[in-house]
Amino acid sequence: MTHPSPITPHPLLDLEPLTAARFAAIERKVAALLGTTQDIVVMQGEALLPLEGCIRSAARPGSTALNVVTGPYGQTFGGWLRDCGVTVVDLAVPYHTAAGAEQVARALAEHPRIDFVSLVHAEAATGNTNPVPEIAEAVRAHGALLMVDAVASVAAEPLLPEAWGVDLCVIGAQKAMGGPAGVSAVSVSERAWQRMADNPAAPRRSYLSLLDWKERWIDTGRAALPHAPAQLEMLALDACLDRVEHDGLDAVTGRHRSAAVATRAGVRALGDGVEPYVRLDHEAAPVATTLRTTGDAREIVAAALRADPAVPLTAGGGALAKEMIRVNHYGPDAQLPVIHRSLSALATALDADPAAALEAASAAWSA
Ligand SMILES: *Cc1c(COP(=O)(O)O)cnc(C)c1O
């Protein structure tokens, strides 16, 4: 008789099971990161999972929603809302600006039936950031529920969903947190739970269901996980939360703010052919800086990557591919040397002298 050869333990495969207690501890770290006492639901998928789950759970058929569109994610939300049988009022602003609280207040006043508002905090794809505290105040005054996509703002700029009155705040770790993309989290207010419970169309026994997690995990005292957890991703999320805590959240957001300010200053000093896409500094997202080009952005990015393949440059997505460059200075790339290398590669691609850009970036970084 032959015996199977013994299995050599593999560091990624042969792990201790992830316990319910460990899972709950990770949720508490997410709550601490967001400065909230609200329930945190960690969902086992990329951030589109809780985003779609929130909309399908909280937006009732026959209701009216305000969808603030400042980039591609807002467009996606509008599609889901319509699919739920919701009448959607789109408030679209040009991608080189941010949405204002007055615009939101006006839209709410014009459509009194609105009871749900979807908003993206910062858009990595367009490079703008919206004033969530002010917008949340307008939404509160109207009595609607507010969902915020904070995937691109968490750890890049201040984010306090409970203090600001955000009912559903979705985060992912893959941008400024420098963590994994395969799990994400949402903070849920009491009002939001009530709305979902009152919605007969809210998904149940579904991967999209937040109520399933509430009933089977939160309300049972987090004693047993309802499903096998995405173990590697949860361990990576835990490590990433620990690293942010160790470095200090203020230091991490500070690095991102400095990266954006330095990139904008450097690009302005580069001169012809490229400028910050978002015109006003305070409307520019700390997570990533978008640039408007006169030449074809895809060709400029290709030339820059030939000069330095390691810089975090991409052309804009979809219709923006010809006129927009994204400098994705988030996570470990929110550092001055990365900004310098990105500006040098851009200068090479544009046949420009990098000296003034590098100097301007350094000065802005330390300011
Ligand atoms: C990045 C991002 C997400 C998540 O999308 P991925 O492309 O899968 O990383 C969601 N919302 C916003 C606003 C984002 O910037």
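Every number in this text was worked out from the coordinates using simple rules, so none of it is lab data. It should be emphasised that the depicted structure is a prediction, and the values quoted were computed from it without experimental measurement. Counting neighbours? That spans all protein chains shown, and the Cβs are built from the backbone with ideal geometry, glycine included.
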- Leading residue at positive end of dipole, the chain (Cβ point charges), from P11, W365, P131: P11
- Task: Quickly rank 154-160, 57-63, 223-229, 111-117 as a protection proxy: mean count of other C-beta atoms within 10 Å, highest first.
- Result: 154-160, 57-63, 111-117, 223-229
- How would you order 187-200, 127-140 from highest to lowest mean count of nearby Cβ atoms within 10 Å? 127-140, 187-200
- Answer with one residue from P61, A101, A32: the one whose Cα lies farthest towards the positive end of the charge dipole of segment 1-101, charges on Cβ with Lys, Arg +1 and Asp, Glu -1. A101
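From the helices alone, meaning DSSP H stretches of at least four residues, give me the mean residue ellipticity at 222 nm for the chain, per-run term -39500 (n - 2.57), in deg cm²/dmol to the nearest 500.
Working: 13 runs with 151 residues, N = 367.
Rounded to the nearest 500, the figure is -12500 deg cm²/dmol.
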- Task: Show me 33-41, 170-178 ranked by packing, highest mean number of other Cβ atoms within 10 Å first.
- Result: 170-178, 33-41
- Task: Might you report the magnitude of the Cβ-based charge dipole of segment 249-366 about its Cα centre, with Lys and Arg at +1 and Asp and Glu at -1, to the nearest 20 debye?
- Result: 240 debye
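Given the chain, report the % of alpha carbon pairs whose separation exceeds 33 Å.
On the way: 22783 of 67161 pairs.
Roughly 34 percent, once rounded to a whole number.
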- Message: With +1 assigned to the C-beta of every Lys and Arg and -1 to the C-beta of every Asp and Glu, and no other charges, what is the dipole magnitude of the chain about the Cα centre in debye, to the nearest 20?
- Response: 480 debye
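Taking the Cα centre of segment 166-263 as origin and charging only Cβ (+1 Lys, Arg; -1 Asp, Glu), how large is the dipole, in debye to the nearest 20? Write out the running numbers ahead of the final one.
Numbers: 11 positive and 12 negative charges, 52 e Å.
The dipole magnitude comes to about 240 debye.
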- Give the distance, in whole Å, between the Cα centre of segment 151-172 and the Cα centre of segment 107-147. 13 Å
- Note on segment 180-271: alpha-carbon gyration tensor, axes a ≥ b ≥ c; rule is a/c under 1.5 for rounded, else prolate if a/b larger than b/c, else oblate; result prolate
